[in-house]
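This report concerns only the one structure given below.
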Amino acid sequence: MELTIRPFRPADAEAAAEVRDIVAPYLVSTPQTMAWRAAEAPADQRYRMLVAEVRHERNSPRGRAVDGAAGTGRRVVGIAATGLIYENSVPGQAFANLQVLPEVRRRGVGSALLSAAEEYLAGQGADTVFAWVVGDETSLDFARRRGYRPGRSASFQRLDLTDGTLPAVPEVPHGYELRTGADFADDPRPLYEADAEAAADEPSDASCDGIGYAQWLAQYWNSPDLDRELTIAVVADGTVAAFSMAHTDGRRRYLSGMTGTRRAWRGRGLAKLAKATSLHRARAAGYAEAFTANDTGNGPMLAVNAWFGYRQCAIETRYVRVLPGG
């Protein structure tokens with residue numbers, strides 16, 4: 001197998017999105033978002049997408065184009081998203097998240113991608129690399145053999161929006177109002193402030209405790225898959241008390257981004273209200289399935305999602321490795 005590892009190019013967007021869609025459909029990726037992130041990621045993140053490609057003679061099993069660039073005769077079989085965790089105030093932390101097509105595993109593709117990712121990150125000053133690893137034994141064994149040790153895990157969950165079982169939207173309490181992300185188009189800072197406070201309390205091996213407003217705009221607010229009409233904020237006296245960010249593929253799949261409540265308003269069911277409103281509007285807009293993810297230690301949000309009817313569809317564990325010399 002003639003294997004090449006190289007940086008992502010705009011012509012790779014569809015093929016890269018297909019690889020991620022096959023390996024991790026619960027991440028709800030689109031070619032537009034893949035290309036945007038590679039081109040527009042914050043400079044401090046040092047983001048780089050790597051692709052693994054081989055010479056091929058046929059299309060993918062799903063029948064969609066998988067050429068790295070049209071007419072090259074080469075097929076993208078794996079990708080690695082890499083960069084620095086600049087949102088964390090601890091320096092030197094980085095990420096390398098791989099997806100490799102099942103039919104080419106155990107043939108050196110993942111090893112080549114990870115080696116290239118670690119070399120790149122070391123050159124950017126990283127000394128510690130975090131990698132999300134899906135919960136099948138082949139992937140877990142690969143991570144262990146590469147010197148990674150397990151940390152926290154995340155539960156990915158799926159909800160069928162077409163079966164009529166979605167619970168009703170709770171009543172909006174007196175003194176609160178609902179707004180969409182689109183209502184904050186001119187000034188999204190109130191959403192940023194709520195997101196930053198809620199994210200700082202999220203259980204994680206690498207917390208997001210240092211992201212600034214400009215970085216948040218660049219990495220989250222301006223993402224092409226953020227659906228501002230389906231993003232819902234619960235507002236009290238002009239302050240965003242709770243919110244649920246929504247991402248979509250523009251067709252049938254919906255992904256909850258961050259759902260959270262500011263500290264002073266917790267325990268009142270406001271996050272459930274925001275997410276319920278968003279899910280009902282997503283169903284009305286024609287979305288058929290919804291995905292979400294939580295740290296497996298985040299009992300409150302796991303309980304909220306169980307109330308909605310979400311069922312676990314995958315587990316990923318965040319593995320970590322200290323690079324040589326780190």
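The values are calculated or read from the model by the stated rules, or taken from the named source; none is laboratory data. Note that the structure is predicted; figures quoted are calculated from it, not measured. We place every Cβ from the backbone using ideal geometry, glycine too, and count neighbours over all the protein chains shown. Keep in mind that these areas ignore ligands, DNA and RNA; they rest on the heavy atoms of the full protein, side chains included. Shrake-Rupley method; radii C 1.70, N 1.55, O 1.52, S 1.80 Å.
Could you give the DSSP H helices of the chain that reach 15 angstrom or more along their long axis (alpha carbon positions) and whose average Kyte-Doolittle hydropathy is no lower than 0.0?
Numbers: long enough: 13-23 (16 Å, 0.46); 109-123 (21 Å, 0.81); 189-200 (16 Å, -0.42); 270-284 (21 Å, -0.07).
TM-like helix candidates: 13-23, 109-123.
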- prompt: Which value, in Å² rounded to 10, gives the accessible area of Arg311 with a 1.4 Å probe and all protein chains present?
  reply: 150 Å²
field: Heavy-atom accessible surface of the stretch 254-326: percent carbon and sulfur, 1.4 Å
entry: 52 percent
statement: If the chain between Ala214 and Glu171 were fully extended at 0.36 nm per residue, the gain over the current Cα-Cα distance would be 12.0 nm
- prompt: Can you list the HN-Hα couplings for the stretch 220-236, worked out from phi with the Karplus curve (6.51, -1.76, 1.60; θ = phi - 60°), rounded to whole Hz and with x for Gly and Pro?
  reply: 10, 5, 8, 4, x, 8, 6, 9, 6, 6, 8, 6, 10, 10, 9, 10, 10
task: Per residue of the stretch 237-242, in order, report the coupling 6.51 cos²θ - 1.76 cosθ + 1.60 (Karplus, θ = phi - 60°) as ³J(HN,Hα) in whole Hz, putting x for Gly and Pro.
output: 6, x, 10, 6, 8, 8
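Where does the charge balance sit around Asp127 when Lys and Arg score +1, Asp and Glu -1, over other residues with C-beta under 13 Å from its C-beta? Let's see the in-between values first.
On the way: positive: Arg321; negative: Glu118.
Here the charged neighbours net out to 0.
Applying 1/(1 + (r/R0)^6) with R0 = 45 Å to the Cβ-Cβ distance of Asp187 and Met1, what FRET efficiency is obtained, to the nearest 0.05?
Numbers: r = 52 Å, r/R0 = 1.16.
Rounded to the nearest 0.05, the efficiency is 0.30.
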- line: For Ala200 and Arg107, extending 7 Å from Cα along the Cα-Cβ vector and measuring point to point gives, in nm, a value of 4.9 nm
